[in-house]
Amino acid sequence: MVFDVDLIQRVYQGYRDKIHKIQIALDKPLTLTEKILYAHLAEGEALKPYRRGVDYVNFAPDRVAMQDATAQMALLQLLNSGRDKVAVPSTVHCDHLILAYKNAHDDLIAAEKSNQEVYSFLKDVSNKYGIGFWKPGAGIIHQVVLENYAFPGGMMIGTDSHTPNAGGLSMIAIGVGGADAVDVMAGLPWELKMPQIIGVKLTGKLSGWASAKDVILKLAGILTVKGGTNSIIEYFGDGAAALSATGKATICNMGAEVGATTSIFPFDQKSVDYLKMTDRSEIADLAQSLEDCFRADDAVLADPASYYDRVIEIDLSSLEPYVNGPFTPDLAYPVSEFAKAVAEHGYPEKMEAGLIGSCTNSSYEDLSRAASIIKNANSLDLKVKSQLIINPGSEQVKETAERDGLIGDFEQAGAVIMANACGPCIGQWRREGADKAPKNSIVTSFNRNFAKRNDGNPNTYAFVCSPEMVAAFSIAGSLNFNPLKDTLTNEKGEQVKLAEPIGDELPKKGFTLKSAGYIAPVKDGSQMKVTVAPDSERLQLLAPFAPWNGKDIINQPLLIKVTGKCTTDHISMAGVWLRYRGHLDNIANNMLIGAVNAFNHKTNSVIDPETGDYMAVPALARKYKAEGLGSIVVAEENYGEGSSREHAAMEPRFLNVKAIIVKSFARIHETNLKKQGMLALTFVNKTDYDKVQEEDKISILGLTSFAPGKNLTVQLTHKDGSTESFEVSHTYNQTQIEWFRAGSALNKLKSEYKAS
């Protein structure tokens, strides 16, 4: 089935004329990023040069995609929006709630049973509002989008931080929170700070063990987890044209780990090949007629330093495989240096499990190259020494891989084939013995490796690399193995060396698919009723948040001062908590339970000043709320790094946290806080973080004159009665200040809709 042909035709109609007008208005050659962004300015938005990293701009995305965990809260908000149908094509993908335990067949049956209430809710709301629904087992959202919806020159948003995967097909695709998705589904403009643009020039060509994954693993080491914040990464160069479409998608996908707004590659022959192989020849032909619109102008390519905010060059010919981790995706080691790092840092050398799949690396090409390593090992009488788990990206990939013998190669080596779902990548892995918290190492082809991320065990050292490297490490059973130069002892006692991976970018016989798992919405959903049981543990209808009371925040207690990394996994864990993603009250019980308290260096342990006892973070927040008090959270750099999950913003809002004050924010999380009517504030002087004491009462002054570009004042009242004051900055524009005053962006949206 070819989706959205009419939409794509409308987008492409007059596209070249639009680009010409943009070139005239900006009076300069254009990057690919600028072409697509300016071509998607919202109606009424001025066509003028916007300042990168400064100006907020309204856009009109072409479509919305939601995965089942985040879709719950997004659709609960949509129910409160006052609208009756989505304004742009939108889809829900059931991929996050399937627990990886036994195998694909058994786990899918278990998921459909345990999640029946949630799946029914998602399907009912999809029918009511005209949203496409992808059943459990159909595939991982980003692989399904790449196969069916992504198109060159388009713009989409998705309620998952790895939405940029679609950049592999020259689409601006940005991860957002559910409230942003509601805006777009409701037909409203979507606001984004005009991003800076990082140009990455790729030269040469990959060979041997190097893969597309190694490009982004190396880049993560260069940029770090926040080096791409408020930036779009645009790839170009001869090396880019040599990469497969799915390889490009892998690179764009993991750009989220450096904080990038999104990443994008130019349209080329590899894009055409992939579109045609996925039965979208009509889209390929349309895109080819506009090929110059879907790449940077020649003058940009000739002098990139004059048009990008930063230029980084990577030579693919000399690129070696990388292994990143543990506990952060930007700790990057070339494989030639990895064994040394294992010894120096005392990482567990024995590899317990290898996991291949996730939205980052589960294409046909990925499975093909990894299977070639497994098949070669079998011919050399080598056994796989580590547990091996495979998560195909979609039913189309799985069926094709089965037909071509790839799945059989994995199974012959003892691998377990899990459902076409996220599984262990987002903590949906029922791993035997993980509850005993043994110190161990795993190697994955995933994108994130935060503590507890995969199996809930804080002592699992997770390392990220390419699927073929995961296969090689699994055969060796050791982190000290370098397949580029090392040999292994086979069953006969012989020293043998693994051959370099080989594989097909696209299946030689084409893809095969019996049933995609897609359910189109009913033609008229206006009479569709959506019910949520009042006693449900999984779902809860949302009540509007209270508007601002018109006063400064005075003498509110510190809830927690966080030290070190605080990702959305620390703020609102996934894993077992995924079952409560549609129930705000229940999931609020995980708020900040993974964050480390700066005063006792423990997690989920904060002082109650009234008793002097330490208690769980959510429990103390609930106690304050019951007493009519709010509270304040203080934290360090890149607060909210990681997933787009807006629960990390909604939970503090629900538990009456008044403000989050940090050294710096991750982009998506800062926006999510603003959307929920929270105060997201930044230390002007980062050393002021050190002034905050454990039993402080905190005031935030200046809210009665809250204005863009105008700092607020924080006053600390210490336990001994002394006070200290300092300034905090913010990035609120006037529209966002109105969200704060209304109590949330949704409150503002609903009031405007009623008024119209």
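The values are calculated or read from the model by the stated rules, or taken from the named source; none is laboratory data. Just so we're clear, the structure is a prediction, and the values are computed from it rather than from any experiment. As a convention, Cβ positions derive from the backbone with ideal geometry for all residues, glycine included, and neighbour counts pool all protein chains shown. The accessibility values were calculated without ligands, DNA or RNA, using every heavy atom of the protein model including side chains. Shrake-Rupley method; radii C 1.70, N 1.55, O 1.52, S 1.80 Å.
Points to keep in mind about this one:
- Hits in region 283-309 (condition: under 29 Å from the mean Cα position of the chain (by Cα) and farther than 18 Å from Tyr235 by Cβ): Ile283, Ala284
- Test result for Ala588, of a type in the set (A, V, I, L, M), modelled with pLDDT of 95 or more and within 25 Å of Gln734 (Cβ to Cβ): no
- Selection from region 477-493 of residues that are farther than 23 Å from Val323 by Cα and open to solvent by less than 20 Å² (accessible area, probe 1.4 Å): Asn490
- Residue match in region 121-129 (condition: closer than 26 Å to Gly582 by Cα and assigned to a strand (DSSP E or B)): no
- Annotation: of all residues in region 598-622 being in a helix (DSSP H, G or I) and out of contact with any strand residue (DSSP E or B) (no Cβ under 8 Å at 6 or more places or on another chain), the one that is least open to solvent (accessible area, probe 1.4 Å) is Pro618.
- Those helices (runs of 4 or more DSSP H) of region 173-249 in which 1 or more residues are open to solvent by 10 Å² or more (accessible area, probe 1.4 Å) and of a type in the set (Lys, Arg) occupy 212-223.
- Of the criteria (1) in a loop (DSSP other than H, G, I, E, B); (2) closer than 30 Å to Lys750 by Cβ, which one Ala499 fails: (2)
- Looking only at region 262-304, and only at residues there that are of a type in the set (Asp, Glu) and assigned to a loop (DSSP other than H, G, I, E, B), the one that is surrounded by the fewest Cβ atoms within 10 Å (Cβ to Cβ): Asp303
- Checking each residue in region 623-637 for being in contact (Cβ under 8 Å) with a residue 24 or more places away in the chain and either open to solvent by 10 Å² or more (accessible area, probe 1.4 Å) or part of a helix (DSSP H, G or I) (or both) picks out Tyr624, Lys625, Leu629, Glu636, Glu637.
- Filter result for Leu146 (of a type in the set (A, V, I, L, M), touching a Gly at 6+ places or on another chain (Cβ under 8 Å) and in a helix (DSSP H, G or I)): yes
- Pairing each residue of region 673-698 that is in contact (Cβ under 8 Å) with a residue 24 or more places away in the chain and on the phi > 0 side of the Ramachandran plot with any residue that is open to solvent by 10 Å² or more (accessible area, probe 1.4 Å) and among the aromatic types (Phe, Trp, Tyr), provided the two are 6+ apart or on different chains, yields C-beta distances under 7 Å for Gly677/Phe545; Gly677/Trp739; Gly677/Phe740.
- Of all residues in region 441-459, those being of a type in the set (S, T, N, Q) and open to solvent by 10 Å² or more (accessible area, probe 1.4 Å) number 1.
- The single condition from (1) open to solvent by less than 30 Å² (accessible area, probe 1.4 Å); (2) free of Cβ contacts under 8 Å to residues at least 12 places away in the same chain; (3) not basic (Lys, Arg) that Gly743 fails is (2).
Conditions tested, residue by residue: (1) of a type in the set (D, E, K, R); (2) open to solvent by less than 10 Å² (accessible area, probe 1.4 Å).
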{"position": "Asp535", "(1), (2)": "yes, no"}
{"position": "Gly564", "(1), (2)": "no, no"}
{"position": "His570", "(1), (2)": "no, no"}
{"position": "Gly582", "(1), (2)": "no, yes"}
{"position": "Leu592", "(1), (2)": "no, yes"}
{"position": "Val596", "(1), (2)": "no, no"}
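- Residues of region 537-552 satisfying the condition of being open to solvent by 60 Å² or more (accessible area, probe 1.4 Å) and of a type in the set (A, V, I, L, M): Leu541, Ala543, Ala546
- Region 717-740, residues that are open to solvent by less than 20 Å² (accessible area, probe 1.4 Å) and closer than 15 Å to Leu681 by Cα: Phe726, Val728, Tyr732, Gln736, Ile737, Phe740
- Taking region 675-691 as the range and being over 19 Å from Asp552 (Cβ atoms) and either open to solvent by less than 30 Å² (accessible area, probe 1.4 Å) or in a loop (DSSP other than H, G, I, E, B) (or both) as the test, the residues that pass are Lys675, Gln676, Asn685, Tyr689.
- Qualifying positions in region 163-181 - polar (S, T, N, Q) and under 20 Å from Ile283 (Cα atoms): Asn165, Ser170
- Candidate set from region 421-435 (those that are assigned to a helix (DSSP H, G or I) and at pLDDT below 95); member that is surrounded by the most Cβ atoms within 10 Å (Cβ to Cβ): Ile426
- Scan of region 86-144 for residues that are open to solvent by 20 Å² or more (accessible area, probe 1.4 Å) and of a type in the set (D, E, K, R), ordered by number: Lys102, Asp106, Glu112, Lys113, Glu117, Lys123, Asp124, Lys128, Lys135
- Any chance Asn586 is outside any loop (DSSP other than H, G, I, E, B) and surrounded by fewer than 22 Cβ atoms within 10 Å (Cβ to Cβ): yes
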